[in-house]
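Beneath this line is the structure, given in structure tokens, with notes to follow.
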Amino acid sequence: MTGPAHTSPGGRHGHARGGGGPGGGRLDVDALLADRDVQIIVCCGSGGVGKTTTSAALGLRAAEQGRRVCVLTIDPARRLAQSLGLTELDNVPRRVEGAGADGGSLDAMMLDMKRTFDEVVEAHASPEKAAQILSNPFYVALSSSFAGTQEYMAMEKLGQLHGEATWDLIVVDTPPSRSALDFLDAPERLSSLLDGRFVRLMLAPAKGPAKLFSAGLGVVTGALNRLLGAQVLTDVQTFVAAFDTLFGGFRQRAENTFALLQASQTAFLVVATPEPAAMREAAYFVERLAGEGMPLAGLVVNRMHTGAADGIGADEAGAAAHKLAGGNESERQVAELLTVHVERQRIASREARVTKRFTAAHPSVPTVHVAALAGDVHDLDGLRSIGSLLGADDSGA
Amino acid sequence: MALSTQLHVVTGKGGTGKTTVAAALAMALAAESRRVLLCEVEGRQGIAQLFDVPPLPYAERKVAVGLGGGEVFALAVDAEAALLEYLAMYYRLGRAGKALDRFGVIDFATTIAPGVRDVLLTGKVYEAARRRDGDRFAYDAVVLDAPPTGRITRFLNVNAEVAGLAKVGPVRKQADSIMSMMRAPTTRVHIVTLLEEMPVQETLDAIVALRASGLPVGHVIVNLERAHVLSASTQKALANGELAAESVAAALRSVSLDAEASAGLLDEGRSRHERQVLQDSQRALLRETGVRLATLPALRDGVDLGALYELAQLLRDEGLA
């Protein structure tokens with residue numbers, strides 16, 4: 001499933017920034033947001049760890065510290081809309097009212113991959129050619145329903161937004177699961193698609209003399225026709241021929257965006273929850289980013305349970321709950337509170353073990369812990385609370 | 001006899017524990033002398049980690065004994081291997097298969113041409129589900145640890161898209177057969193959720209999308225439910241502020257605990273109360289869909305093999321197996 005090994009141009013060192021000092025420690029989110037050199041923050045991590053909420057909370061906090069922020073989500077679920085109170089997310093950034101201070105502002109958008117793809121085609125092909133591409137059945141399937149197109153289009157959109165120079169910080173939320181890092185592979189894959197023998201083969205009948213129909217080609221096209229029916233191959237050939245002139249531009253822009261992601265104006269944040277599976281994924285992201293020469297700023301661990309009543313240990317609370325359970329009404333109620341506390345302490349110590357294991361394996365990654373909230377986040381105030389837990393308002397990790 | 005064996009597709013928002021639930025369901029289905037296949041398709045090796053076995057190859061391996069003595073096999077479906085196998089099995093494209101590989105077609109098909117991947121992954125599950133062993137199916141049930149809710153309808157429906165592209169030929173024929181299996185009465189799509197707003201919202205959205213595509217919804221499985229530790233009277237006292245910090249402190253002193261902790265304990269109690277109220281309201285939303293609900297508790301010590309048997313028994317009690 002991995003493509004050819006990617007060698008990053010001019011290997012770079014991860015930039016140590018924030019208050020953690022050299023080698024790990026606490027991730028200083030406010031220092032990161034205040035750093036005007038940082039123009040792109042990419043949040044990645046497995047599904048369900050709160051990436052979208054973290055992205056939105058970071059965007060809001062930066063906006064309220066005076067930055068002009070755009071939050072881009074490429075998640076198909078309309079979660080960002082829910083938490084930002086936006087009713088319309090239509091592939092252009094929309095202003096979030098009531099967010100921003102000191103000249104800062106917050107815009108948000110959700111990627112519409114088909115629309116983005118169509119716009120690219122329309123912008124870079126002649127009207128006749130664009131019409132030809134847009135109505136090709138292979139293009140229609142590729143641009144609207146197939147997983148993977150999203151990542152290419154996310155690269156396009158990020159490049160476009162960055163090029164507009166309207167914002168001084170773009171926060172990107174990535175799709176869940178490991179495919180999140182597929183967008184890193186997008187330029188590589190486009191290049192191999194463009195330079196690959198298969199595409200040249202597809203183009204051959206349209207371009208080259210008949211002698212290019214070697215014996216090998218005959219076998220291949222014969223096999224494909226047997227599998228798919230002749231008309232699919234014709235659709236693909238028509239598409240590739242029409243798209244040929246666009247490929248170069250696509251690749252160029254994707255490569256530019258890739259270089260942008262590797263540059264020092266970008267910071268990657270890996271987001272996780274203190275569960276073994278999520279932390280394993282986080283380790284995978286950290287290693288993968290390092291391998292690609294991508295600048296990792298740190299790890300955000302969401303939904304940590306910290307004991308509010310740390311003065312009482314789980315065992316003594318359990319014993320006391322047992323004693324009080326036979327008492328009067330208020331004693332019985334306190335016994336229940338102690339039972340809640342026992343459960344919480346057990347969860348907290350399990351989470352502490354899981355996060356310590358990550359830190360032991362990756363000691364140089366600065367980390368911030370965000371306490372679990374009792375309720376769900378679905379408005380700006382909720383995002384502000386998350387923002388202050390991320391930032392310096394809290395003692396954190 | 002049906003065209004394929006029972007197929008249980010398990011989806012859910014990321015972080016809801018769908019791999020754990022899929023594994024427990026496979027164990028619940030593997031009663032005495034039954035054989036169950038548990039498949040994963042996302043290349044995460046989640047099953048191997050759960051059962052604490054080495055990474056699964058592209059081959060069916062026995063990973064556990066089922067609840068009641070049956071056998072649970074596991075398979076990590078890999079798109080590239082599935083394509084080559086598919087070519088060899090159905091079309092005897094020995095030489096052409098190699099030529100396809102040499103021309104980069106295999107690479108194109110499995111990584112570059114998006115969607116083909118999902119066709120191959122569902123195709124392999126289809127093959128396993130209708131495989132025969134004499135006059136019975138090779139497996140009594142196939143459990144698929146499927147992509148998350150945000151992607152599930154597109155994933156299961158990918159063959160309908162292919163059918164729209166390839167109008168004739170064996171790929172079209174196979175795509176049609178796979179769609180028939182997905183929509184057959186032998187198939188169930190189960191959705192794992194937590195009692196929190198966003199996973200529940202995704203669950204509701206997925207139910208609508210699955211129904212619209214004619215895909216059969218099985219159970220909604222509420223995972224990691226927290227027990228109701230607080231009684232009704234305590235909840236009321238917390239909500240109304242009737243439980244004073246002084247009386248908590250007095251009770252703590254009576255059992256020689258640090259009375260300073262009373263405010264913290266009350267905070268924890270209030271946030272627990274809030275969580276319980278939220279759980280109840282989310283459960284009510286799920287009930288409105290009319291889909292059968294099953295509930296699995298949060299286990300104190302996390303999930304190990306023993307815990308999987310416990311969850312399997314609970315799923316059986318809830319009528320999923």
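Only the coordinates and a few stated rules stand behind these numbers; no lab work does. Everything numeric here is computed off the predicted structure, so don't read it as measured data. Because the Cβ atoms are built from the backbone with ideal geometry, glycine has one as well, and the counts that use them run over all protein chains shown.
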Pairs of Cα atoms under 8 Å, at least six residues apart: use those to get the relative contact order of the stretch B:1-84, whole percent.
-> 30
Okay, helix-only estimate at 222 nm for chain B: each DSSP H run of n ≥ 4 adds -39500 (n - 2.57), divide by all residues, round to 500 deg cm²/dmol; what do you get?
-> -16000 deg cm²/dmol
What ranking do A:297-306, B:263-272 get when scored by the average of other Cβ atoms within 10 Å per residue, highest first?
-> A:297-306, B:263-272
Taking amide hydrogens as modeled 1.01 Å from N in the peptide plane, which residues meet the under 5 Å criterion relative to B:Val63, leaving out close sequence neighbours?
-> B:Val72, B:Phe73, B:Ala74
Label-to-label distance, nm, for residues given as B:Ser180 and A:Ala101 (7 Å Cα→Cβ offset) | 6.5
How would you rank A:323-329, B:164-170, highest first, on the average number of other Cβ atoms within 10 Å across their residues?
-> B:164-170, A:323-329
Where nothing but the Cβ of Lys and Arg (+1) and of Asp and Glu (-1) is charged, how large is the charge dipole of chain B around its Cα centre, in debye to the nearest 20?
-> 1460
The stretch B:268-297 and the stretch B:141-176: distance between their alpha carbon centers, rounded to Å = 33
Listing A:Asp107, A:Asp90, B:Asp145 from the residue with the fewest other Cβ atoms within 10 Å to the one with the most, what is the order?
-> A:Asp90, A:Asp107, B:Asp145
Ranked highest first by the average count of other Cβ atoms within 10 Å around their residues, in what order do A:45-55, B:118-128, B:197-207 fall?
-> A:45-55, B:118-128, B:197-207
In vacuo Debye sum over C-alpha of the stretch B:239-321, base-10 log of normalised intensity I(q)/I(0) at q = 0.12, 0.20, 0.25 Å⁻¹, listed in q order, is -0.64, -0.94, -1.14
Taking chain B, the whole-percent share of alpha-carbon pairs separated by over 28 angstrom is 48
Give me a single rounded figure for A:369-376: the average over its residues of other chain Cβ atoms within 10 Å of their Cβ.
-> 4
Ignore the peptide's own chain and count Cβ atoms of other chains within 10 Å of each Cβ in B:268-276; give me the average, rounded.
-> 6
Which parts of the stretch B:245-271 would a label at A:Ala319 reach, counting a residue when its backbone N lies under 12 Å from a point 7 Å out along Cα-to-Cβ?
-> B:255-257
Going by C-beta contacts inside 10 Å, put B:Arg183, B:Arg44 in order with the fewest on the left.
-> B:Arg183, B:Arg44
Choice from B:Glu310, B:Glu85, B:Glu42 showing the highest fluctuation, given a GNM over chain B with Cα pairs closer than 10 Å = B:Glu85
Could you tally the net charge around A:Thr166, taking each other residue with its Cβ under 10 Å from the Cβ of A:Thr166, Lys/Arg +1 and Asp/Glu -1?
-> -2
Over 22 Å (Cα to Cα) among A:Lys114/A:Lys157; A:Lys51/B:Lys13; A:Lys157/B:Lys18; A:Lys157/B:Lys167; B:Lys18/B:Lys62; B:Lys124/B:Lys173 -> A:Lys157/B:Lys18; A:Lys157/B:Lys167
With +1 at each Lys and Arg Cβ and -1 at each Asp and Glu Cβ, the charge dipole magnitude of the stretch B:192-321 around its Cα centre, to the nearest 20 debye, comes out at 400
Within 10 Å of each residue's Cβ, count the other Cβ atoms and sort A:Ile74, A:Ile347 from fewest upward.
-> A:Ile347, A:Ile74
Sum up the charges of everything whose Cβ sits under 11 Å from the Cβ of A:Lys129, counting Lys and Arg as +1 and Asp and Glu as -1, but leave A:Lys129 out.
-> -3
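How many Cβ atoms of partner chains, on average, are near each residue of B:35-44 if near means within 10 Å of its Cβ?
Per-residue shielding by partner chains comes out at 2.
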